[in-house]
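J.: What follows is a single structure, and I will ask about it in a moment.
The values are calculated or read from the model by the stated rules, or taken from the named source; none is laboratory data. Bear in mind the structure is a predicted one, so any value in this text is a computation, not a measurement. Here the Cβ is made from the backbone with ideal geometry for all residues, glycine too, and neighbour counts use every protein chain on show. Just so you know, the surface numbers come from the protein's heavy atoms only, side chains and all, with ligands and any DNA or RNA stripped out. Shrake-Rupley method; radii C 1.70, N 1.55, O 1.52, S 1.80 Å.
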Amino acid sequence: MHKHLPAIAALLISLGAHAQGAPSPAPCPSAVPATARCYAGEDGRGSFYRIAIPQGWDHGVLVMHAHGGPADTGPAKPQRAEKDLQRWAVTVKAGYAWAASTYRRGGYGVTMAAEDTERLRRIFVEHFGPARRTLLHGQSYGGGVASKAAELYATVDGKRGPYDGVLLTSGVLGGGTRAYDFRLDLRVVYQYVCRNHPRADEPQYPLWMGLPEGSKLTRAELAARVDECTGVRKPAAQRTVQQQANLATILDVVKIPERSLIGHLNWATWLFRDVTQLRLGGRNPFANAGAAYKGSADDAALNAGVLRYGADPQAVAELAADSEPQGRVNVPVLTLHAINDPTAFVELESAYRDVLRRAGTDALLVQTFSDESEHSYLSDAEYPALFTALLDWIDKGEKPTAAKVLALCRQYEGAFGPGCRIQPDYQPAPLDSRVAPR
């Protein structure tokens, strides 16, 4: 073998990865300003990405976006990044460059998604040059991803890391264990009430598995079962007395809104299967052995009758290592959460503040709350207000208050439309007030 062949092979592999990761011009989605430039690519590790650069950007502010989910559990799809750019065009309209990765695969993996986001940032810098400031924005599950990335890359090669500030909106901020406890509660309470997921004549399995391997149950079939038991898809007046009672028990005990019942059961089915079987080798990170459920017509019977599970300590440790924040941040962190978020409870913000307080970094955290009832996207004008407040904190040392963010938001309403609903005096209750402690 020629002595230079290994080096040549390594060079070719490197060049191939470089070419594969290079962004190519692509059409911008309709919501992005027509004057912007858009690019698409694949990062060499399986993640697809989109980049948008507004006219006149000139190495200004780059926003690295971490998307929500993880709804899909299969291979990454480029359409995901395109849809994210369409949704988050407000960032480009506000004058910031924007980049987001699909992550290399679907399914759970917070550290993986943080790594993929950082890989894309490096691709951006390689091809478009460094930004004056780089902000990390995470939405929903992406809030957990961004909070993890802020810690993973707080220091790189002995120097402060690449991110100047972090914005977390509607964030799932408790890690994979604390943030998902209530979905195990939902599974056991739902099964106690409805007894059809699984049905008595179907193979039985521990509910923390989500679904057993080989199950053919579809989301449409699960929704039909939920409706059969609770009438949740029918107008209230068309539900039977028993359906009304069943629905009330589930919602009152688990403390979720009616409109999110089927969605949460989907997560507690297919995402739980992904987490426990594909990521943790069939081990259980979820427990409800010590949970005391309240809110039913007969709490004693409910607590005696629900299925109980203990967690595998190794599975808990692995899921925590992948996803739980430790509070090791060294840049400003600003959050916004809808008070009536139907998916990621607002009380998760209390848990996140407690993490930073224990780490001694809570001075770097400012939290804001809006009187909204959505999860995946909040008012347009709120986002540029948040970015401006965060940049003022970074550039001028002006730590924002919720009142300042509200004032900025009202200034942006002329360009971005009405909808500023930030409540400066609101503070969320502890997470234990919403999710039964264990």
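J.: Would you kindly state the longest site-free stretch of the chain, with sites defined as GluC sites (Glu not before Pro) in a DSSP loop (not H, G, I, E, B) surrounded by at most 13 other Cβ atoms within 10 Å?
T.: Details: sites that count: E213, E398.
In the chain, the maximal stretch lacking such sites is 1-212.
J.: Continuing with this model, one more query. Within the range 193-209, what residues put their amide N at less than 12 Å from the label point 7 Å along the Cα-to-Cβ vector of E221?
T.: 197-199, 202-203
J.: Remind me, what semi-axes does the range 281-322 give for its equivalent ellipsoid, largest first in whole Å, using sqrt of 5 times each Cα gyration tensor eigenvalue? Working shown, then result.
T.: Working: eigenvalues 154, 19, 8 Å².
Semi-axes (√(5λ), whole Å): 28, 10, 7.
J.: Let me ask something else. Can you count the Lys pairs in the chain whose Cα atoms are under 29 Å apart, with each pair 8 or more apart or on different chains?
T.: 22
J.: Please calculate how many Å² of accessible area the range 324-438 carries per residue, with a 1.4 Å probe and no DNA, RNA or ligand atoms counted. Write down the numbers at each step before the final one.
T.: On the way: 4600 Å² over 115 residues.
Value returned for the range 324-438: 40 Å² of accessible area per residue.
J.: What does the charge count near F416 come to, summing +1 for each Lys or Arg and -1 for each Asp or Glu among other residues with Cβ under 9 Å from its Cβ? Working shown, then result.
T.: Working: positive: K93; negative: D380, E382, E413.
That works out to -2.
J.: If you project the alpha carbons of the chain onto their three principal axes, what span does each projection cover, largest first, in Å?
T.: 67, 66, 43
J.: Tell me, what is the per residue accessible area of the range 176-242 in Å², probe radius 1.4 Å?
T.: That works out to 47 Å² per residue.
J.: Below 8 Å between Cα atoms, with a sequence gap of 6+, how large is the relative contact order for the chain in percent?
T.: Values: 851 pairs, mean separation 61.4, N = 438.
Normalised by residue count, the contact order of the chain is 14 percent.
J.: Which of rounded, prolate, oblate describes the range 282-351, given a ≥ b ≥ c as roots of the alpha-carbon gyration tensor eigenvalues and a/c under 1.5 marking rounded, otherwise prolate only if a/b is larger than b/c?
T.: Oblate is the answer for the range 282-351, as a/c is 1.5 or above yet b/c matches or exceeds a/b.
J.: Bin width 10 Å, origin at 0, all Cα-Cα pairs of the range 125-207: what percent of pairs per bin?
T.: Bin by bin from 0 Å, the calculated values are 15, 29, 22, 15, 12, 7, 0.
J.: May I ask you to work out the translational diffusion coefficient for the range 326-393 at 20 °C, viscosity 1.002 mPa s, via Stokes-Einstein with Rh from the Kirkwood sum over Cα pairs, reported in whole µm²/s? Each step should come with its number before you reach the end.
T.: Values: Rh = 12.8 Å.
Diffusion coefficient, whole number: 168 µm²/s.
J.: Please label the shape of the range 215-259 as rounded, prolate or oblate, based on the square roots a ≥ b ≥ c of the eigenvalues of the alpha-carbon gyration tensor (a/c under 1.5 means rounded; beyond that, a/b larger than b/c means prolate, else oblate).
T.: Values: a/c = 2.16, a/b = 1.42, b/c = 1.52.
Since a/c reaches 1.5 but b/c is at least a/b, the shape of the range 215-259 is classed as oblate.
J.: Could you tell me the calculated FRET efficiency between K83 and D371, based on Cβ-Cβ distance and R0 = 30 angstrom, to the nearest 0.05? Mind showing how you got there, number by number?
T.: Values: r = 27 Å, r/R0 = 0.91.
The computed FRET efficiency comes out at 0.65.
J.: If I build a Gaussian network model for the chain, linking alpha-carbon pairs within less than 10 angstrom, which residue out of Q326, Q242, Q277 has the largest mean-square fluctuation?
T.: It is Q242.
J.: Specify the inter-centroid distance of the range 346-395 and the range 267-311, based on alpha-carbon positions, in whole Å.
T.: Value for the Cα centre distance between the two parts: 30 Å.
J.: Something else: Which residues does the label zone of E413 cover in the range 356-384, counting backbone N under 16 Å from a point 7 Å along Cα→Cβ?
T.: Taking a point 7 Å out along Cα→Cβ of E413, the residues of the range 356-384 whose backbone N falls under 16 Å are 370-372, 379-384.
J.: Can you pull the percent of the chain's accessible area that's carbon plus sulfur, 1.4 Å probe, other chains left in place? Please list the in-between numbers first.
T.: Details: 9630 of 18190 Å².
Carbon plus sulfur share of accessible area: 53 percent.
J.: Which residue, A179, A385, A415, has the most motion in a Gaussian network model of the chain that connects Cα atoms within less than 10 Å?
T.: A415
J.: Translational D (Stokes-Einstein, µm²/s) of the range 365-425 at 37 °C and 0.692 mPa s when Rh comes from the Kirkwood sum over C-alpha pairs?
T.: Approximately 283 µm²/s, per Stokes-Einstein.
J.: Anyone know which of S373, S170, S323 comes out most mobile in the 10 Å Cα GNM of the chain?
T.: Largest GNM mean-square fluctuation: S373.
J.: Across bins of 5 angstrom width beginning at 0, how are the C-alpha pair distances of the range 91-167 distributed, in whole percent?
T.: Percent of pairs per bin, in order: 3, 14, 27, 28, 18, 8, 2, 0.
J.: Additional query: Taking the Cα centroid of the range 129-177 and of the range 73-127, what is the distance between the two, rounded to the nearest whole Å?
T.: What the calculation gives is 13 Å, centre to centre.
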